[in-house]
Amino acid sequence: MVVEHSFPTVTASPWSVSMRDVTVRYANGVVALKSVSLDIRPGEMVSVVGLSGSGKSSLIRSINGLVPITSGSLRVGGFQLETARAGELRRLRGEIGMIFQGFNLAKRTSVLNNVLVGRLAHTTTLRTLLGAYRASDRQIAFEALDRVGILSKVWDRASSLSGGQQQRVAIARALCQEPRLVLADEPVASLDPPTAHEVMGDLRRINQDLGITVVTNLHLIDLARSYGTRIIGLRAGEVVFDGPVDSASDSVFSEIYGRSVESADVLGL
Amino acid sequence: MSATGSSVAGTTAGLDLPTRPGGRWKSWCAVGVVVIITAITLSPQWGIAFSLDAIARNWQNGAEKILQLLVPDWSFFPRTVPALVETLQMAVIATFVAAGVSLPLSLATARLTNPNGASRSIVRALLNVVRSIPDLLYAAILVAMVGVGALPGIIALVLFNVGIIVKMVSESIEANDPGALEAGRAAGGNQLQINRATALPDIMPSFINQTLYVLELNVRASSVLGLVGAGGLGLLIDAVRTFYRYDQLSLIILEILMVVMALDVLSNAVRRRLV
Ligand SMILES: Nc1ncnc2c1ncn2[C@@H]1O[C@H](COP(=O)(O)OP(=O)(O)OP(=O)(O)O)[C@@H](O)[C@H]1O
Ligand SMILES: [Mg+2]
């Protein structure tokens, strides 16, 4: 007899990202990314670092098409983003989990309903409108909540949770997608230091236990060094460093930041 | 803040200050427009005509009416019941229909829940037209079209309500945090799914609030609509008014007051459970 495992088993293979001369220019003329080229291999855990305004969010949002690229070539999984149509873009996003600095939960509804947002790409519009999610989708949501240790909060209102718990719900929402890639934009910038470490630990486990590719924007040096294996440094929209964490010394960070490293650049603890 | 610290406090000379968009003349224009409109309103040629001496001339007449109003004719009550029930039915039915129609329209008129500019403008323009026509005018036109009775009243109330609910709810959508919707988009949902799963829960309290408010408005409005033949207490009000039965009129007003107060208690109870 086969013993049932409580974790969702990863059957889908993780995705890679390939950028060639990607430029992002916003409508107001600001050029957020200047001819960026980089490759992220399947199953990697990458930290993107840089000062505020260096283009970290623009980089991570271009990967799931929330920010359209102005020129260049961007390949994610099997999708070519510069030519992807609306339907293709939704299918792409369905395979990519995203975690935000501000958690981005629907505050007035239950934790379960928030996690089920992760099933939208796999649910018909009619089912969504009626709120009639399939039992199998609800099962996936319960398992995702269990994985981040807050299954006990499943029926609570999202707004009644603490910041750390809300970010866990957001991680469960991403996991509920059964993603091949997880993008996290400053996931711990709104959290206190101990909670920040717990959430970063969750992300690392997603990468190590499930083998999912994880790309995280961070501005704190010690977090970038302790979680993940590779650091990409952005400065004024350009990649100024790309290498394994061991090679990212303090002098490398002062190069990325364009100034000497300060105490505010580390979380401590 | 800059590390080089080349700027001198109190001067803008060394600062690379970007030019202010629009400029200062915009706010002066706004002040000017308000002043001009006020002047026109008060001017003798184009302004509104009103005089206080009319009140002084007719006060005796008015005092008599007020005395009559103070003594309601209680025996009239049984005859008011069917009309009162009809008014309540009109108000409730119109509120339900209007709420059902308003919810999708609210989502269609807010930028966050309908990023498509063209369709948003069309729905907005239609609603502006709907809102600009007074409920009494709707009722008068509809009575001419479908005949005397509760139906034209209900349709008039629905049109009147949709204008109110959609405006208020779509404004509350715009004021909401767009974060949850962004998460829905990032998860691969289409706009309908995103609206249902991430926007709806957050706008529900505002939607229910507006619906309760409209129900209260409808009880009052539906008693006026009868004046033009659109059913309810208004028909009765018209009848007693033409016979100068102010004692009966005051009973009707008292009944409306009771209903409005009861609704107020009810909606407060509902609101308390919402927040
Ligand atoms: N939607 C937008 N429209 C116009 N300009 C934008 C937009 N989003 C970002 N920018 C500009 O693009 C540049 C890069 O912004 P981005 O948000 O990618 O930086 P970031 O590294 O994530 O910064 P932070 O650490 O503050 O989040 C900035 O100059 C910013 O002002
Ligand atoms: Mg950012």
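The values are calculated or read from the model by the stated rules, or taken from the named source; none is laboratory data. These figures come from a predicted structure and were not determined experimentally. Every residue, glycine among them, receives a Cβ derived from its backbone with ideal geometry; neighbour counts consider all protein chains shown. Quick note on the areas: whole protein, heavy atoms, side chains included, nothing else; ligands and nucleic acids left out. Shrake-Rupley method; radii C 1.70, N 1.55, O 1.52, S 1.80 Å.
A few comments on the model shown:
- Sequence ranges A:250-262, A:222-234, ranked by mean other-Cβ count within 10 angstrom, highest first: A:222-234, A:250-262
- The distance between label points at B:Ser75 and B:Ala118 comes to 6.9 nm (points 7 Å beyond Cα on the Cα→Cβ vector).
- Apportionment of accessible area to carbon and sulfur, chain A, percent (1.4 Å): 51 percent
- Look at the stretch A:93-105: the mean tally of other chain Cβ atoms within 10 Å of its residues' Cβ atoms is 4.
- Taking every residue in A:190-198 and counting other chain Cβ atoms within 10 Å of its Cβ, the average works out to 0.
- For the chain pair B and A, the buried solvent-accessible surface (1.4 Å probe, both sides summed) amounts to about 2000 Å².
- Sparsely packed loop sites in the range A:1-110 (the GluC sites (Glu not before Pro) outside DSSP H, G, I, E and B with at most 13 other Cβ atoms within 10 Å) comprise A:Glu4.
- Gyration tensor analysis over the Cα atoms of the protein assembly as shown returns equivalent ellipsoid semi-axes of 59, 31, 21 Å (largest first, whole Å).
- Computed log₁₀ I(q)/I(0) - Debye formula, equal Cα scatterers, no solvent, chain A, q 0.11, 0.17 Å⁻¹: -0.61, -1.39
- In this simple spin-label approximation, B:Gln60 and A:Ala12 carry label points 7 Å from Cα along the Cα→Cβ vector, and these lie 8.8 nm apart.
- Centre separation in Å (Cα based) which lies between the range A:88-109 and the range B:165-236: 26 Å
- Of the complete DSSP H runs in chain B, those spanning 27 angstrom or more by Cα along the long axis with a mean Kyte-Doolittle score not below -1.0 are B:77-109, B:150-175, B:200-225, B:246-274.
- Contact order for chain B, expressed relative to its length and based on alpha carbon pairs under 8 Å spaced 6+ residues apart, stands at 24 percent.
- Volume per residue of the C-alpha convex hull in the range B:75-274, rounded to whole Å³: 117 Å³
- Over the range A:161-269 - Rg/Rh using Cα atoms and the Kirkwood inverse-distance radius: 0.97
- The apolar share of the surface of the range B:127-187, taken as the fraction of accessible area on carbon and sulfur atoms (1.4 Å probe, ligands and nucleic acids excluded), comes to 70 percent.
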